[in-house]
Amino acid sequence: MKTKAKYFVQLENKLVKCTLCPHECILSLNKYGICRTRKNIDGELFTLAYSNPCAVNIDPIEKKPLFHFLPGTQTFSIATAGCNLACLNCQNHTISQVSPEQTDNYNLIPQQVVESTIKNNCQSISYTYTDPVAFYEYTLDTAKIAKKNNIKNVIVSAGYINQEPLLELIPYIDAANIDLKNFCNNTYKKINHATLEPILNTLKTLKKYNVWLEITYLLIPDINSSNQMLNDVCKWLKENNLSDVPLHFSRFYPTYKLNNISPTSLDLLKKAFNIAKNNNIKYVYIGNVAGTNFENTICPNCNRTIIERIGFKVKTNNISNSKCKFCECIIDGIWDN
C-alpha cells in the first residue's frame, strides 16, 4: 500500500531527501531509496511498505533473541520487504534486498495485526526479519494501536535510524534487540553498507529512555572476531552504562555473499564469551549453537542457573518478582506483562 512517508524534505526540481535514516537518500522522480521501500512520486516521498508484510509468523520471544523479556511467551512477528542496510551475510536477503513490489505479500492493516496478535494469544508484536526502519510508518502505526490494547512492541533492528524518528517511535516500544555488527566504521561500510556511530547513538538512546535492550553480535571469523575489537566493544558498553545489557554472541554460518567463510568455531565463541565476562559484562550468551548451556541465564550474584533453555524453549524459570529465587538478587529484565 502506498502511503506518504513521515520523514523527508522537498528540494528543487521535484527532488526529495529522505531523513529517516543516516543514508539520507536524495531521490529524483520515480527513484527508490537504498531501502527499496521509499519512492519519489511526483516530488513527494512515499513508502511502499505499509500493510503489506511478506512474512507473518508466531515465534517464541527467545528467537529474537530476547532472553530477559517475557520469557516463554509467543510474539506475533511481521516484516515487509526491504532494508536500509545491505549486509553481505544477510540470511534474509531474499526479502531484505528487494522491494515490496517484488514479493508475495499479505494484506494486513495495523488494526488487523493487533487483532491477530490477540487472537493467537501472543503478548507482543515483533517488527523483525528485515528491518523495521524500512517499514517505519507501518511499525509506528501498528505499535500505537498495540499499546492501547496492552500488547508489547519489540523491534529487531540494525539500529540505523536518525534520532528524530527514533524518538517518535520510542514511546511505543517496550523492547529492542539491536545488531551490533562490528566495531569498526570501515568494516561497517564494507560488510554492511552503513556506518558505526548512528548505531551506537541508537543504543545509548534506547537505554536512556528505558526501552528494554539486548544486543546481538554475530561473530564472523577474521572480520569482527579479533581480541582488540571484542575488548573495544565491551569497553564501550561499560563506558556508556550498558554493561547490564544482555550480549548475545551468535554463530555465523556462510550465506549470501559471505559463503566462502567457515562457520564460527565454538572455541572462538567461547573466547568472545570469556572476553565479555572478563570485562564485567553482566549477562553474556552464545547463540545459534545446539547442545550447549551458554543460553542459560546465570545469576550474577550466586552463579546458579535461574533460567534453563533448550533451543528456544524455557525449561525452568527461577526468577520471581524480578529476583533470583535462590539469593534474591535483582535480575535485570522485564519478567511480567
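All of the numbers you see were taken from the coordinates with simple rules; none came from a lab. The model shown is predicted, which means the values in this text are computed figures rather than measured ones. As a convention, Cβ positions derive from the backbone with ideal geometry for all residues, glycine included, and neighbour counts pool all protein chains shown.
Both numbers refer to the Cα atoms of segment 3-47; Rg and Dmax are 8.7, 23 Å.
Find the relative contact order for the chain and round it to a whole percent, using C-alpha pairs within less than 8 Å whose residues are 6+ positions apart.
Rounded, it is 13 percent for the chain.
Hey, fewest Cβ within 10 Å first, where do Ile306, Ile155 land in order?
So the ranking, lowest neighbour count to highest, is Ile306, Ile155.
Each of the GluC sites (Glu not before Pro) that DSSP puts in a loop and that has at most 15 other Cβ atoms within 10 Å breaks the chain; the longest unbroken stretch is 25-327.
Could you tell me what % of all Cα pairs in segment 90-210 have separations over 22 Å? Of all Cα-Cα pairs in segment 90-210, 39 percent lie more than 22 Å apart.
Between the helical axis of 227-239 and the longest alpha-carbon principal axis of the chain there is an angle of about 90 degrees. For Ile306, the residues 5 or more places off, or on other chains, whose built amide H falls under 5 Å of its own are Thr297, Ile298, Cys299.
In the chain, helices alone account for a calculated mean residue ellipticity at 222 nm of -6500 deg cm²/dmol, with every DSSP H run of four or more residues adding -39,500 (n - 2.57). Of the beta bridges in segment 55-295, as assigned by DSSP with both residues counted there, near 20 percent are antiparallel. Close amide H partners of Ile58, meaning residues 5 or more places away or on another chain with modelled amide H under 5 Å apart, are Ser77.
Remark: segment 182-190, residue by residue, has Karplus-estimated 3J(HN,Hα) of 5, 9, 9, 4, 5, 5, 4, 5, 6 Hz, where x stands for each Gly or Pro and the curve is 6.51 cos²θ - 1.76 cosθ + 1.60 at θ = phi - 60°. Distance from the Cα centroid of segment 1-27 to that of segment 222-284 is 36 Å (rounded to whole angstrom).
Within a 10 angstrom radius of the beta carbon, how do Phe135, Phe273 rank from fewest other beta carbons to most? Can you show the working numbers first?
Numbers: Phe135 28, Phe273 19.
Neighbour counts put them in this order, fewest first: Phe273, Phe135.
Which angle between 0 and 90 degrees, to the nearest 10, do you get for helix 136-148 versus the longest principal axis of the chain when only C-alpha atoms count? Once rounded, the angle reads 60 degrees. What's the angle, to the nearest 10 degrees (0 to 90), between helix 266-278's Cα axis and the longest principal axis of the chain? Helix 266-278 and the main axis of the chain meet at about 80 degrees.
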